[in-house]
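**Q** One structure, pasted below without further comment.
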Amino acid sequence: MTTLILAEKYSQAQTYKKLFQHTEPKKGYINVKDPLFPNGAVITWGVGHLVELAPPQDYGEKYQYWKLENLPLLPSPNEFKMKLINETKDQFKIVKSLLEECHDIVIATDAGREGELIAYSILKMAKADHKPIKRMWANQMVESQLKNAFKNLREKEETYGYYIEAQTRQYSDWLVGMNASPLVSILINNMSLFKEWETFSLGRVQTPTLYMVYELDKKIDSFVSTPFFELHGIAETESGTFSVELKDKDRFSSKEELNNFLKSNGLSEGLNKGRIKSVSTDRKKQSAPSLYNLTNLQKEAHDKYGFTAKKVLSTLQTLYDNGYVTYPRTDSTHIGSEEFKDVLNCRSAVAETLDIDIQWSTDEPNKKYVDDNKVEEHSALMITSKTPDYGDLSNDQKIIYSLVAISNLRMFVGEYIYDQTKVTVSLKDVEFVASGKTDIELGWKSLNKFLVSSSKTKNKKGNEKQETKLPILFDKMPVDVTVKSHSGKTKPPQRMTESKLLQLMENPNVENESDKTILKKTSGIGTVATRADIIEKLKKIGYLTSEGGKLITTEKGKILCEVIEGTLLSNASMTANWERYLKEIHSGKASQDVFLTKINDYIKELIKTLPMKLEAKTNSFTRIKEEQLKKDTIGKCPNCGKPIIKKTLEYKKENKKVKNVFYGCTGYDSGCKFTLPEKFCEKTITTANIKKLLTKGITNEIKGFKGSKKEFSAKLKLTDKTTGKISFDFSK
């Protein structure tokens with residue numbers, strides 16, 4: 001009887017195929033003849049998930065429609081229904097038939113919670129989970145590691161806890177989503193806040209993630225800028241000049257307060273005589289940064305190259321599938337001693353691939369990077385002995401591969417050594433300060449120049465911020481300081497970026513110390529594997545928008561956040577409690593049934609209390625809609641005087657989705673039909689020119705209109721204020 005090897009996806013199966021002596025590809029599987037499997041084997045695969053939890057309508061006809069009286073829907077663990085994913089039904093049929101024929105099974109999906117869930121969901125749907133099962137667990141998709149993993153298969157019980165943990169999380173997320181989403185959607189739509197029905201999706205991870213962006217947006221929107229005044233100086237000595245700042249960087253609320261400070265200390269704007277009070281220089285050493293886990297790599301690639309979290313993960317996955325890097329969905333920043341040897345053995349080949357010519361400083365492991373006790377499910381991201389043909393990689397792949405590779409190679413290069421100089425300048429009794437930095441040995445920083453350059457980094461030498469180098473200074477040295485005042489206004493906090501949001505998901509702000517500890521141990525809310533998808537989903541369903549790389553809550557997102565404000569759905573503490581239980585369920589110390597019962601109790605309480613909370617939110621919803629309308633308004637309608645906003649109309653034409661973007665009057669429902677097109681003769685009309693049409697009835701000359709034979713320039717003129725009809729004006 002044959003052994004069935006279940007891979008997670010086709011590319012993974014193709015990698016396994018190369019390990020065995022004789023293989024024969026078939027439709028949906030591969031026949032294997034190899035001494036490792038004397039009775040024969042077949043490799044088959046999923047396409048990621050082949051099976052998913054069934055939607056509410058599969059639990060009864062009444063759940064076809066969202067109604068408050070049908071909530072809650074709370075199936076017990078034994079009552080949850082699974083269904084096949086339509087797009088992959090054909091592959092499931094092949095896998096199922098092979099499972100029926102095989103004698104035993106080797107699970108060879110990705111070595112992690114998600115891989116375990118994918119495998120057992122397929123096996124249970126195919127009713128094959130009663131057969132003998134072993135687990136192939138490999139952290140690297142390279143031949144030597146995979147062969148070793150297939151020769152040393154684990155017992156099913158060693159990794160089954162990951163499946164129970166993942167299944168419990170899957171059930172819990174379903175319960176929250178399938179009850180809270182219809183509840184909130186019905187309540188909001190009953191308040192007639194939108195012209196058409198709006199669906200609101202809620203989730204245990206995505207909703208507190210959204211709320212973190214919303215909280216920052218609220219601070220920014222309510223921020224009141226205040227003026228301030230500062231003192232700076234240019235210090236001049238016989239050995240050179242340098243900039244100084246008032247010690248402690250005191251700010252003054254008015255110019256009068258600043259002038260009083262100067263007067264009371266016998267100083268004035270302009271030239272002042274002083275002396276160097278003190279100069280101290282310390283030699284400092286800095287070791288290389290920690291190795292990357294997925295989240296840290298996503299943050300780095302976003303900050304340096306503007307990559308989205310999703311783009312980093314998908315690029316990293318292609319490198320992993322080709323065997324160039326280790327398992328991507330890792331939350332560890334350490335590797336084991338044996339893995340260190342793997343990196344050591346391939347460092348020269350990797351350096352050659354990246355055209356790095358450098359003298360290695362050490363061959364010994366450093367506890368900061370290599371610690372067997374700190375490697376749990378997976379190691380930090382590593383290069384492998386299989387090096388790519390660098391020229392064949394896409395630019396995105398080159399960027400991600402070089403980041404991972406150089407983070408590994410830094411372990412073998414010396415510390416960055418520099419001198420930090422601090423100087424205090426005394427002007428009578430007032431102290432000004434300056435600091436400078438002098439590189440002694442670049443060490444690991446010398447590798448930074450081999451990173452792929454980008455528009456964000458090309459103007460920074462070695463991708464590093466350059467610090468001031470001070471002239472030669474000594475105590476009691478005379479100095480002339482030209483003091484100048486500087487005025488400014490306080491600025492609101494910076495908008496959220498994906499990098500900052502990933503950091504908050506990894507380390508959420510929670511008040512309870514116990515929750516902080518749990519979230520730290522479990523690496524925050526969500527998992528390294530799901531955070532990118534969570535951010536993408538929040539954008540896709542219209543809760544967040546991205547403007548210039550900044551994440552901003554939309555009107556829809558703000559309304560949802562107002563609704564769930566003060567509930568556990570807005571708080572990362574709920575995830576902390578979940579993760580505490582899930583870890584105990586994994587180890588067998590807690591019960592899945594008890595945990596799901598607590599989830600059910602929370603959902604019942606939410607259904608009971610949320611409608612009453614919404615009654616007090618009417619003013620907040622009105623404010624949000626008014627603020628959004630004000631933000632979206634381009635100008636006043638020449639026909640009726642109501643606001644003109646940019647609109648997008650989506651419809652199907654010849655079975656294809658078509659988007660029509662235009663500027664329309666908000667008085668449409670009252671009968672006003674004024675609209676202006678975003679494009680005219682294939683030329684996009686700028687917002688500035690739309691505003692001119694609304695106020696003056698004519699634009700400046702616009703270049704780039706496309707005629708039947710050539711491009712031409714013209715003004716646009718509003719010829720009908722009722723409908724918004726425009727025409728060309730060729731007058732000079």
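The values are calculated or read from the model by the stated rules, or taken from the named source; none is laboratory data. No experiment lies behind these values; they were computed from the predicted model shown. In this analysis, Cβ positions are derived from the backbone assuming ideal geometry, glycine residues included, and neighbour counts consider all displayed protein chains.
**Q** Of the residues THR597, THR545, which is free of Cβ contacts under 8 Å to residues at least 60 places away in the same chain and not in a helix (DSSP H, G or I)?
**A** On the way: THR597 fails: not in a helix (DSSP H, G or I).
The conditions single out THR545.
**Q** Further question on the same structure: Scan the range 715-722 and give yes if some residue there is free of Cβ contacts under 8 Å to residues at least 12 places away in the same chain, farther than 21 Å from GLY635 by Cβ and surrounded by 12 or more Cβ atoms within 10 Å (Cβ to Cβ), otherwise no. Quick ask: steps written out before the conclusion?
**A** Filtering the range 715-722 down to residues free of Cβ contacts under 8 Å to residues at least 12 places away in the same chain leaves 719-720.
Now restrict to residues that are farther than 21 Å from GLY635 by Cβ: none.
No: zero hits.
So that you can scan it fast, the table gives a plain yes or no per residue for (1) at pLDDT 95 or above; (2) out of contact with any Gly (no Cβ under 6 Å at 6 or more places or on another chain):
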site: LEU316; (1), (2): yes, yes
site: TYR327; (1), (2): no, yes
site: ILE335; (1), (2): no, yes
site: GLU338; (1), (2): no, yes
site: LYS368; (1), (2): yes, yes
site: HIS378; (1), (2): no, yes
site: LYS386; (1), (2): no, no
site: GLY391; (1), (2): no, yes
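**Q** Is there a residue in the range 670-680 that is in contact with a helix residue (DSSP H, G or I) (Cβ under 9 Å, 6 or more places away or on another chain), assigned to a strand (DSSP E or B) and in contact (Cβ under 8 Å) with a residue 40 or more places away in the chain? Step through it out loud before you land on a result.
**A** Taking the range 670-680 first, the residues in contact with a helix residue (DSSP H, G or I) (Cβ under 9 Å, 6 or more places away or on another chain) are 674-676, 678.
Then keep just the ones that are assigned to a strand (DSSP E or B); that gives 675-676.
In the following step, the residues that additionally are in contact (Cβ under 8 Å) with a residue 40 or more places away in the chain were identified as 675-676.
Taking every residue of the range 670-680 in turn, at least one turns out to be in contact with a helix residue (DSSP H, G or I) (Cβ under 9 Å, 6 or more places away or on another chain), assigned to a strand (DSSP E or B) and in contact (Cβ under 8 Å) with a residue 40 or more places away in the chain.
**Q** Here is a follow-up. Could you check LYS9 against (1) modelled with pLDDT of 95 or more; (2) under 29 Å from TYR171 (Cβ atoms) and say which number it fails?
**A** So LYS9 meets the others, but not (1).
**Q** From the list LYS683, LYS696, pick out the single residue that is surrounded by 11 or more Cβ atoms within 10 Å (Cβ to Cβ), within 14 Å of LYS721 (Cα to Cα), modelled with pLDDT under 95 and among the basic types (Lys, Arg). Give the steps one after another, and end with the answer.
**A** On the way: LYS683 fails: within 14 Å of LYS721 (Cα to Cα).
Exactly one of LYS683, LYS696 is surrounded by 11 or more Cβ atoms within 10 Å (Cβ to Cβ), within 14 Å of LYS721 (Cα to Cα), modelled with pLDDT under 95 and among the basic types (Lys, Arg), namely LYS696.
**Q** Next up: I need the full set of residues from the range 300-314 which are surrounded by fewer than 22 Cβ atoms within 10 Å (Cβ to Cβ) and either among the hydroxyl-bearing types (Ser, Thr, Tyr) or not in a loop (DSSP other than H, G, I, E, B) (or both), in order please.
**A** Restricting attention to the range 300-314, the residues satisfying the condition of being surrounded by fewer than 22 Cβ atoms within 10 Å (Cβ to Cβ) are 300, 303-306, 308, 310-311, 314.
Listed by number, the residues that qualify are GLU300, ASP303, LYS304, TYR305, THR308, LYS310, LYS311, SER314.
**Q** Still on this model: Collect the residues in the range 635-657 that are under 30 Å from LYS696 (Cβ atoms) and within 36 Å of the chain's Cα centre (by Cα), keeping them in residue-number order.
**A** Going through the range 635-657, the residues under 30 Å from LYS696 (Cβ atoms) turn out to be 635-649.
Of everything in the range 635-657, those that are under 30 Å from LYS696 (Cβ atoms) and within 36 Å of the chain's Cα centre (by Cα) turn out to be GLY635, PRO643, ILE644, ILE645, LYS646, LYS647, THR648, LEU649.
**Q** Something else: Could you check SER76 against (1) crowded, with 19+ Cβ neighbours inside 10 Å; (2) of a type in the set (Ser, Thr, Tyr); (3) outside the structural domain of ALA111 (by TED's automatic domain parsing) and say which number it fails?
**A** Exception for SER76: condition (1).
**Q** Any idea which of (1) touching a strand residue (DSSP E or B) at 6+ places or on another chain (Cβ under 8 Å); (2) in contact (Cβ under 8 Å) with a residue 24 or more places away in the chain is the one ASN700 doesn't satisfy?
**A** Here ASN700 clears every test but (2).
**Q** Please verify whether PHE712 is assigned to a strand (DSSP E or B), assigned by TED's automatic domain parsing to the domain that holds PRO643, closer than 20 Å to GLY641 by Cβ and at pLDDT below 95, treating the condition exactly as stated. Don't jump to the end; show me each part of the working.
**A** Working: assigned to a strand (DSSP E or B): yes; assigned by TED's automatic domain parsing to the domain that holds PRO643: yes; closer than 20 Å to GLY641 by Cβ: no; at pLDDT below 95: yes.
Answer is no for this residue.
**Q** Does the range 88-146 hold any residues that are within 26 Å of GLU339 (Cβ to Cβ), among the charged types (D, E, K, R) and free of Cβ contacts under 8 Å to residues at least 60 places away in the same chain, and which are they? Steps first, answer last, please.
**A** Quick first cut of the range 88-146, residues within 26 Å of GLU339 (Cβ to Cβ) only: 106-119, 134-146.
Still in the list and also among the charged types (D, E, K, R): 110, 113-114, 116, 134-135, 143.
Passing the criteria: GLU116, LYS134, ARG135.
**Q** ASP282 fails exactly one of the following numbered conditions: (1) free of Cβ contacts under 8 Å to residues at least 40 places away in the same chain; (2) surrounded by fewer than 18 Cβ atoms within 10 Å (Cβ to Cβ); (3) closer than 21 Å to TRP444 by Cβ. What is the number of that condition?
**A** Condition not satisfied by ASP282: (1).
**Q** Among the residues of the range 213-242 satisfying the criterion of being aliphatic (A, V, I, L, M) and more than 30 Å from LYS550 (Cα to Cα), which is nearest to the chain's Cα centre (by Cα)? Walk me through how you get there before you give the answer.
**A** Going residue by residue through the range 213-242, those that are aliphatic (A, V, I, L, M) are 213, 216, 220, 224, 231, 234-235.
Among the residues that remain, those that are also more than 30 Å from LYS550 (Cα to Cα) are: 231, 234-235.
Numbers: LEU231: 39, ILE234: 42, ALA235: 44 Å.
In this case the residue turns out to be LEU231.
**Q** Given the options LYS247, LYS263, name the one that is outside the structural domain of GLU562 (by TED's automatic domain parsing) and surrounded by 12 or more Cβ atoms within 10 Å (Cβ to Cβ). Working first, answer last.
**A** Numbers: LYS263 fails: surrounded by 12 or more Cβ atoms within 10 Å (Cβ to Cβ).
From the options LYS247, LYS263, the qualifying one is LYS247.
**Q** When both residues are 6+ apart or on different chains and their Cβ atoms are under 9 Å apart, which pairs have a first residue that lies in the range 602-617 and is assigned by TED's automatic domain parsing to the domain that holds THR575 and in contact (Cβ under 8 Å) with a residue 12 or more places away in the chain, and a second that is surrounded by fewer than 14 Cβ atoms within 10 Å (Cβ to Cβ) and assigned to a loop (DSSP other than H, G, I, E, B)?
**A** Short answer, once both residue conditions are applied: LYS613/GLY566.
**Q** Could you look through the range 1-36, keep only residues that are charged (D, E, K, R) and part of a loop (DSSP other than H, G, I, E, B), and pick out the one that is farthest from LEU123 (Cα to Cα)?
**A** Restricting attention to the range 1-36, the residues satisfying the condition of being charged (D, E, K, R) are 8-9, 17-18, 24, 26-27, 33-34.
Next cut, part of a loop (DSSP other than H, G, I, E, B) only: 8-9, 18, 27.
Details: GLU8: 12, LYS9: 15, LYS18: 25, LYS27: 20 Å.
Checked the range 1-36; the qualifying residue farthest from LEU123 (Cα to Cα) is LYS18.
**Q** Could you tell me which residue of the range 111-150 is nearest to GLN21 (Cα to Cα), considering only residues that are in contact with a Leu (Cβ under 9 Å, 6 or more places away or on another chain) and among the β-branched types (Val, Ile, Thr)?
**A** ILE133
**Q** Answer with yes or no whether SER11 is in contact (Cβ under 8 Å) with a residue 60 or more places away in the chain, of a type in the set (Gly, Ala, Ser) and not assigned by TED's automatic domain parsing to the domain that holds ILE107. Steps first, please.
**A** Numbers: in contact (Cβ under 8 Å) with a residue 60 or more places away in the chain: yes; of a type in the set (Gly, Ala, Ser): yes; not assigned by TED's automatic domain parsing to the domain that holds ILE107: no.
No; evaluated as a whole, the condition is false for this residue.
**Q** Where the second residue is surrounded by 14 or more Cβ atoms within 10 Å (Cβ to Cβ) and the first is assigned to a helix (DSSP H, G or I) and lies in the range 353-373, which pairs have Cβ atoms under 8 Å and are six or more apart or on separate chains?
**A** Short answer, once both residue conditions are applied: THR353/THR387; THR353/PRO388; THR353/TYR390; THR353/ALA405; ASP372/GLY336.
**Q** Please go through the range 501-538 and pick out each residue that is touching an Asp or Glu at 6+ places or on another chain (Cβ under 9 Å), of a type in the set (Val, Ile, Thr) and modelled with pLDDT under 55.
**A** Result: ILE518, THR522.
**Q** crowded, with 16+ Cβ neighbours inside 10 Å, free of Cβ contacts under 8 Å to residues at least 24 places away in the same chain and more than 25 Å from SER172 (Cβ to Cβ): does that describe ILE624?
**A** Details: crowded, with 16+ Cβ neighbours inside 10 Å: yes; free of Cβ contacts under 8 Å to residues at least 24 places away in the same chain: no; more than 25 Å from SER172 (Cβ to Cβ): yes.
No: the conditions fail for ILE624.
**Q** Tell me the residue from LYS692, LYS646, LYS657, LYS652 that is of a type in the set (Lys, Arg) and part of a helix (DSSP H, G or I), please. Give the derivation first.
**A** Numbers: LYS646 fails: part of a helix (DSSP H, G or I); LYS657 fails: part of a helix (DSSP H, G or I); LYS652 fails: part of a helix (DSSP H, G or I).
After ruling out the rest, the residue left standing is LYS692.
**Q** In the range 336-349, is there at least one residue being surrounded by 17 or more Cβ atoms within 10 Å (Cβ to Cβ), part of a loop (DSSP other than H, G, I, E, B) and among the basic types (Lys, Arg)?
**A** Looking for residues that are surrounded by 17 or more Cβ atoms within 10 Å (Cβ to Cβ), part of a loop (DSSP other than H, G, I, E, B) and among the basic types (Lys, Arg), one finds none in the range 336-349, hence no.
Every residue, every condition in (1) acidic (Asp, Glu); (2) over 35 Å from the mean Cα position of the chain (by Cα); (3) farther than 30 Å from THR490 by Cα; (4) not in a helix (DSSP H, G or I), yes or no:
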{"position": "SER201", "(1), (2), (3), (4)": "no, no, yes, yes"}
{"position": "PRO208", "(1), (2), (3), (4)": "no, no, no, no"}
{"position": "TYR211", "(1), (2), (3), (4)": "no, no, no, no"}
{"position": "VAL244", "(1), (2), (3), (4)": "no, yes, no, yes"}
{"position": "LEU258", "(1), (2), (3), (4)": "no, yes, no, no"}
{"position": "LEU271", "(1), (2), (3), (4)": "no, yes, no, yes"}
{"position": "ASP282", "(1), (2), (3), (4)": "yes, yes, yes, yes"}
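**Q** Name the residue that is surrounded by the most Cβ atoms within 10 Å (Cβ to Cβ), counting only residues in the range 434-477 that are farther than 27 Å from LYS249 by Cα, of a type in the set (Ser, Thr, Tyr) and at pLDDT 75 or above.
**A** Among those that are farther than 27 Å from LYS249 by Cα, of a type in the set (Ser, Thr, Tyr) and at pLDDT 75 or above, it is SER446.
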